[in-house]
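Taken together, the values in this text are just the output of simple stated rules run on the coordinates, not laboratory data. Computed from a prediction, not measured in an experiment: that's the story for all the values here. In this analysis, Cβ positions are derived from the backbone assuming ideal geometry, glycine residues included, and neighbour counts consider all displayed protein chains.
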Amino acid sequence: MDKIIQIETPTPFGIGNANSFLIVGDTLSIVDVGTNFPAAEEAMIQAISEQGYEVTDIEQIILTHHHPDHIGLTDLFTNATVLGHAYNDFFLKRNEAFFEYQARFYLNQLREEGVPSAYNRWIEKMTREVAYMGSKPLTTILKDGDPIPGHPHLRAVETLGHAQSHLMFVNENERYAFGGDLLIQLIASNPLIEPPLDPTMPRPKSQLQYNASLKKLASYELETVFSGHGDAVLNSVELIEQRLNKQQSRAEKVLALIDAPLSAFEITERVFPTKISQQLGLTLSSTIGQLDYLVEQNRLKATLNHEGVLLYERT
Ligand SMILES: [Zn+2]
């Protein structure tokens, strides 16, 4: 049986600390590697040495998703292979073409969402976090269902929504999973709008993906879900039900505010009248999640106007 040790490292973000997990088995692995900044690096080195290891002893990095508080310190583990979803590599490799693609994607999104051009500076903000990411790329691309080398019964399960790279790692025999940011006890994890892995595909409907991923996690009826932040979740089935119900009631509130054809931006202004100017990305993502959900349920329809703005109205 593998031994699991939780390591917490600070982040410069509102979420607080991030978790990594040492897995001591036939292979010495670490799930997620914190943020690339000095305080996290010190905490990581310290925590690993307290367990009697050095960072060079780690043989394998296993990534739950590409956000900076999870892929930051890949370069610290010089002897480790790096395993994760193919999408991580866009950020670890920092390919110029991908950043152009990403900027174009967000610019098109903002236009379609009816966001005034005064907000275009947000695109810069959406790409700035790169400094906190590692730059050691993947050595192994993991797909849904792939076994994790060195850890019998541990498998990758694709769980998109919070991120387009999101995997969880499930051990069905011992009824636990490393859940990344799929399910966090203290806060509801938010499905962010991100460009698709395949540029020819339409914008991923993150909220719908996320709901499906939560249901997938619930179906395992696990005892323990080790989270990317905070304590392990010991009541995952119940917590998932709560999260799904909360999302439904949020969607009802959004629907109640739509009395004419409106853009996603206009609807977001009504949902978050004060928060929108401080937190454009988060508030828009949240509203669009509810809009996608309501369109899927045939309670809203969306049509492009002559300026290329999507307008939502009740069916
Ligand atoms: Zn996170």
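Run the helix sum for the chain: -39,500 (n - 2.57) per DSSP H stretch of 4+ residues, divided by residue count, reported at 222 nm to the nearest 500 deg cm²/dmol.
Working: 9 runs with 107 residues, N = 315.
Helix-only estimate at 222 nm: -10500 deg cm²/dmol.
I'd like the distance separating the alpha-carbon centroids of region 250-273 and region 279-308, in whole Å.
Taking the Cα centre of each part, region 250-273 and region 279-308 sit 9 Å apart.
Give the residue from SER117, LEU142, PRO38 lying farthest towards the positive end of the charge dipole for the chain; charges sit on Cβ (+1 for Lys and Arg, -1 for Asp and Glu) and the dipole is referred to the Cα centre.
SER117
Could you give the dipole magnitude of region 194-280 about its Cα centre, charging the beta-carbon of Lys and Arg +1 and that of Asp and Glu -1, in debye to the nearest 20?
Here the size comes out at about 200 debye.
Please build a GNM for the chain, connecting alpha carbons under 10 Å apart, and tell me which residue among GLY72, GLY52, GLY145 fluctuates the most.
Looking only at GLY72, GLY52, GLY145, the largest GNM fluctuation is found for GLY52.
Taking only C-alpha pairs under 8 Å that are 6+ residues apart, what is the relative contact order of region 1-141 in percent?
The normalised contact order for region 1-141 reaches 23 percent.
Considering the chain as a Gaussian network with a 10 Å cut-off on Cα pairs, which listed residue, ASN36, ASN211, ASN120, attains the greatest mean-square fluctuation?
In the Gaussian network model the winner is ASN120.
Taking the Cβ of GLY25 as the centre, find all other residues whose Cβ is under 10 Å away and add up their charges (Lys, Arg: +1; Asp, Glu: -1).
So the environment of GLY25 carries a net charge of -1.
Over 21 Å between C-alpha atoms is what I'm after, so list which of LYS93/LYS205; LYS205/LYS301; LYS3/LYS215; LYS215/LYS253; LYS136/LYS215; LYS205/LYS246 land there.
LYS93/LYS205; LYS3/LYS215; LYS215/LYS253; LYS136/LYS215, as the Cα separations exceed 21 Å there.
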